[in-house]
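Colleague: The structure that follows is given in the form of structure tokens.
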Amino acid sequence: MAIFNPGHLHIERHALTPEDVSYDLCLDYEVFTDPQKGKGIQFTLHGNMQGKDMKEAFFLPKEEAYNFARDVTRIAEKYGIPKTHSQIGSVHKHYDLMFEDIRQKLNMQSGDPVNPEHFE
């Protein structure tokens, strides 16, 4: 199950077998300006993964904001979700809504210049 509202994505999955994975997560995000990296999105992933309460925040500059799933996957693996299941949920429709919301929040346009230093 997944529910999207601008600035918030809730994803929930219940294990069906002992080998399966469970999580109940919220991914909240807002525009934030980092003193060194400039304008971007501050994400906070919180909830429960594999029975462990968790909360982690991460910032992505404007050029990288669309790549939030990479960080969510890394965090999922850190909290015990096996690599074979670490791409949280089949929420592509909801991620598409997030991408559009992020694009609007950051006023991103096709062809915007990028700062290559943010990718180092």
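Colleague: Across the range 45-62, in residue order, what do the Karplus-derived ³J(HN,Hα) couplings come to in whole Hz, using 6.51 cos²θ - 1.76 cosθ + 1.60 with θ = phi - 60° and x for Gly and Pro?
Modeller: So the J values, rounded to whole Hz, are 9, 8, x, 9, 10, 6, x, 10, 5, 8, 7, 9, 10, 8, 10, 10, x, 3.
Colleague: So I have (i) 1.34; (ii) 0.95; (iii) 0.99, and one of them is Rg/Rh (Cα atoms, Kirkwood Rh) calculated from this model. Which one is it?
Modeller: (iii)
Colleague: Choose one answer from Leu27, Leu97, Leu60: the residue with the largest mean-square fluctuation in a GNM of the chain with alpha-carbon springs under 10 Å.
Modeller: In this elastic network of the chain, the residue with the biggest mean-square fluctuation among Leu27, Leu97, Leu60 is Leu97.
Read-outs: derived from the displayed coordinates by stated rules, not from any lab. The model shown is predicted, which means the values in this text are computed figures rather than measured ones.
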